[in-house]
1. List pairs: first residue in the stretch 125-140 and farther than 18 Å from Ala22 by Cβ, second residue among the β-branched types (Val, Ile, Thr) anywhere in the structure, Cβ distance under 8 angstrom, at least six positions apart or on different chains.
2. Within the group Leu53, Leu7, Leu86, which residue is closer than 24 Å to Thr165 by Cβ, in contact with a strand residue (DSSP E or B) (Cβ under 9 Å, 6 or more places away or on another chain), in contact (Cβ under 8 Å) with a residue 40 or more places away in the chain and open to solvent by less than 50 Å² (accessible area, probe 1.4 Å)?
3. Considering the stretch 139-168 alone, what residues qualify as being among the aliphatic types (A, V, I, L, M), at pLDDT 90 or above and closer than 27 Å to Pro109 by Cβ?
4. For the stretch 126-213, which fully contained helices (runs of 4 or more DSSP H) count at least 3 residues that are open to solvent by 80 Å² or more (accessible area, probe 1.4 Å)?
5. If I filter the stretch 21-39 for residues that are in contact (Cβ under 8 Å) with a residue 24 or more places away in the chain, closer than 22 Å to Val123 by Cβ, among the small types (Gly, Ala, Ser) and surrounded by 15 or more Cβ atoms within 10 Å (Cβ to Cβ), do I get at least one hit?
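The values are calculated or read from the model by the stated rules, or taken from the named source; none is laboratory data. No experiment lies behind these values; they were computed from the predicted model shown. Reconstructed Cβ throughout: ideal geometry from the backbone, glycine too, with neighbour counts over all protein chains shown. Areas reflect the complete protein model, heavy atoms only, side chains present, ligands, DNA and RNA absent. Shrake-Rupley method; radii C 1.70, N 1.55, O 1.52, S 1.80 Å.
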Amino acid sequence: MTRLAVLSTSDTDLLSARASGADWAVGNPSRLDVDTDLGGLLDGTDLVIVRILGSAKSWQNGLDAVLARGVPVVVLGGEQTPDAELMSYSTVPIGTAAEAHRYLAHGGPTNLAQLHAFLSDTVLLGGEGFEPPAELPEWGVLDRPAPAVESLPRVGVLFYRAHHTSGNVQFAHDLADAIDATGKAHAVVVHCASLRGAPDDLLAELGTLDAWS
């Protein structure tokens, strides 16, 4: 089985990769020492994805070290919208890099498993087959206990969908529990891909809340 690496400044990518069941080596560039950590992490990997929230200059020495290894490299931005400048560092065809971005933008263990299969097939010619990215809802509301008093103010707790898809939701429930425990408000927990260009139905839902953050 091919072994791929994903180096991402988004820990939710790493959580999803670990949970995917695919053979991923994972690391966060912001916590990697290029001289002492990177080589060992990437030894035995056949392809490397680098996903950076920021510009290439924010991890230029690491990016140079990855590219120097001579294996295929996919370089992507950390936002929902593709970053053409970062993608230009990729050594795979631009269409392949763009499709890899779609898997990561939707996120979650299933998409990370299929991303592994997609790159193994299209770049490394592994022949195992893959599914296209599973598109996920832009936003959603987590199930929570009903309020003890219906007339309590409703306080929204917003967090990124990437945490939801990776299973990292306990922190949102903990905050909501603390709000509910005051007896003065009821928490509504909402995950969303981004508030940039938020869809109308999400904005309408937020408009029903008394406060949110």
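1. Every condition considered, the pairs that remain are Leu136/Thr165; Trp139/Val190; Gly140/Val190.
2. Leu7
3. Passing the criteria: Val141, Leu142, Val157, Leu158.
4. 170-181, 200-207
5. Taking every residue of the stretch 21-39 in turn, at least one turns out to be in contact (Cβ under 8 Å) with a residue 24 or more places away in the chain, closer than 22 Å to Val123 by Cβ, among the small types (Gly, Ala, Ser) and surrounded by 15 or more Cβ atoms within 10 Å (Cβ to Cβ).
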